[in-house]
Amino acid sequence: MRLIHLPTLWTVVVDIIAWFVIHVGVVYVMVRIPLKRFDPEGLLCRSRKWERDGRLYQDVFKIRKWKKHLPDGAPVLGKNGFPKSTLSSRQKDYFETFLGETCRAEWTHWIIMLFAPLFFLWNTVAVGFIMLFYAAAENLPLIMAQRYNRCRFRRVLGKERRRD
């Protein structure tokens with residue numbers, strides 16, 4: 001049972017505007033948080049055993065086949081953006097920055113998904129569940145890409161540390 005009843009057209013308009021505002025708002029806040037606050041070994045971002053050093057994403061989800069088609073929001077963010085679709089350096093400092101940026105991106109997508117239940121306020125229950133599905137379908141592939149990249153960069157950094 002929805003709390004706010006709107007005509008169908010206005011419900012669709014509110015849904016579109018709400019998702020836009022949520023995306024822009026969360027990104028606006030997240031890019032202003034200092035990178036040092038995003039710890040690749042923190043509770044959310046650290047590697048899990050079940051990820052098998054990133055092999056899970058390749059073996060089960062075939063991520064290398066579709067990851068290149070995911071959007072990279074960095075160009076839209078201008079100077080606040082950090083492009084993650086291509087590598088611009090092979091230096092250790094760059095990889096460590098990249099690790100932090102993958103954490104920022106992962107946090108961003110998890111937070112965006114947390115807003116999905118709000119759509120039950122003005123949508124029918126069925127549409128509310130569609131909004132939950134939309135949030136997961138849009139954000140989980142991006143989260144998986146961040147986790148997969150972090151696993152790969154950890155391996156590279158591990159090799160670098162052994163060489164030092």
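Every number in this text was worked out from the coordinates using simple rules, so none of it is lab data. Owing to the predicted nature of the structure, the values given are computational and were not obtained by experimental measurement. Cβ placement follows ideal geometry from the backbone for every residue including glycine, while neighbour counts extend to all protein chains displayed.
Laid out as a table, the results:
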item: Cα-based Lys pair tally, the chain, threshold under 19 Å, eight or more apart or on separate chains; result: 10
item: From phi via Karplus (6.51, -1.76, 1.60), per-residue ³J(HN,Hα) for the range 125-136 in Hz, x at Gly/Pro; result: 4, 4, 5, x, 5, 4, 5, 4, 4, 4, 4, 5
item: Value at 222 nm in deg cm²/dmol, rounded to 500, when DSSP H runs of n ≥ 4 in the chain each add -39,500 (n - 2.57); result: -20000 deg cm²/dmol
item: Per the chain, cysteines lacking a partner by the 4.7 Å Cβ criterion; result: 151
item: Distance between modelled label sites at residue 64 and residue 5, nm, 7 Å Cα→Cβ extension; result: 5.6
item: Fewest-first ranking of 11, 124, 102, using other Cβ atoms within 10 Å as the exposure measure; result: 124, 11, 102
item: Net charge contributed by nearby residues that have their C-beta within less than 14 Å of residue 127 (K/R +1, D/E -1); result: 0
item: Exposure proxy order (Cβ contacts within 10 Å, fewest to most) of 89, 47; result: 89, 47
item: Most positive-pole-ward Cα, 28, 107, 10, against dipole of the chain from beta carbon charges; result: 107
